[in-house]
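Presented below is the structure to which this report refers.
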Amino acid sequence: MPSFNETAVADKPAAIRDRPRLTRTQVARLTEHYQQRLEALLAVDEAIGTMMDALAASGELDATVIVFTSDNGYLLGEHRLMQGKTVPCEPSARVPLIVRGPGFPAGVQRTQPVALIDLAPTFVQSAGAVAGLVVDGTSLTPVAQSSTYSLGRVLVIEAGPRLIDNPWFYRGLRSDRYLYVGYEETGEVEYYDLVKDPYQLLNLAYQPTSRNQRLIAEAAARLDVLRDCAGAACRQ
């Protein structure tokens, strides 16, 4: 992965820019840690198999929506970060999401950006119920059924200001193509074209073309509108 132990970090926030490259000892330790994490998944796989067998035996499997996901991704050496989460790097911000059940076609993948806020409205729709509280997200069923279905929104990402394992306090926006991040305490900015630069190697905020400046200004203005959104306002 090109972002692992990244070589050039002059365009990154100081929290990354000031870090030395990982040593051979650190890389070896990360490699072993990564292998152990993969090995630990065997127990998860076995547990899921047991659950699926029980649902099939009870006759409820075909009427059950099953979701496998996580509350965060995890860094293991990307951008010189030994390990961790809550940073706006793709390995940290993205999470696995696998859904099986009524309304979700088998064997397909979707690339539209979605978030954990979408799970509650998805469950409500699947159960034929009505939400008793205002929800920020939207049901994922239309996305699952069409690779071209657009939710017509960007997602707010944020962390801080008081997280034990995170020195940063940021808010940003994630679309199907771009990532914009503004750091509240330092004023630093990151902006990436994730189609051309999926590993976040080139921070366009350090490429002051008129186009980049316009895109960054538009993202900052949109974030000001969405940063405290609730309900339908988050889906616009």
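Values quoted throughout were computed directly from the atomic coordinates according to the rules given, and no laboratory measurement underlies them. None of the values given here were measured: they were computed from a predicted structure. Quick reminder, even Gly has a Cβ in these numbers, built from the backbone with ideal geometry, and neighbours come from all protein chains shown.
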Sparse-neighbourhood loop sites, GluC sites (Glu not before Pro) in the stretch 30-138 - DSSP loop, at most 15 other Cβ within 10 angstrom: E60
Label-point gap, in nm, between I117 and R24 - each point 7 angstrom along Cα→Cβ: 4.8 nm
Charge dipole magnitude, Cβ of K and R +1, D and E -1 - the stretch 14-235, Cα centre, debye nearest 20: 700 debye
Value of [θ]222 nm, deg cm²/dmol, for the chain, DSSP H segments ≥ 4, -39500 (n - 2.57) each, nearest 500: -9500 deg cm²/dmol
Alpha-carbon gyration tensor eigenvalues x 5, square-rooted, for the stretch 14-235, Å: 33, 26, 15
Dipole of the chain, positive direction: furthest Cα of L75, G172, T7, with charges on the beta-carbon: T7
Contour minus Cα-Cα distance for S175 and A57 (0.36 nm per residue): 38.3 nm
Taking S146, S210 and counting other C-beta atoms within 10 Å, the order from fewest to most: S210, S146
Hypothetical label at A10: residues of the stretch 179-212 whose amide nitrogen lies under 14 Å (7 Å Cα-Cβ projection): 202-203, 206-208
Theoretical FRET efficiency, 1/(1+(r/R0)^6), r = Cβ-Cβ of Q36 and E184, R0 35 Å, to 0.05: 0.50
Cysteines having no other Cys beta carbon under 4.7 Å from their own, within the chain: C89
For Q83, distant residues with modelled amide H under 5 Å away: G77
Among V189, L41, P113 - extreme Cα towards positive end, dipole of the chain, charges at beta-carbon: V189
Formal net charge of residues neighbouring V143 (Cβ-Cβ distance under 10 Å; K, R +1; D, E -1): 0
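How much length, in nm to one decimal, is gained on full extension between Y149 and Q83, taken as 0.36 nm per residue of separation minus their Cα-Cα distance?
Working: separation 66, 0.36 × 66 = 23.76 nm, distance 3.51 nm.
Gain in length upon complete extension: 20.2 nm.
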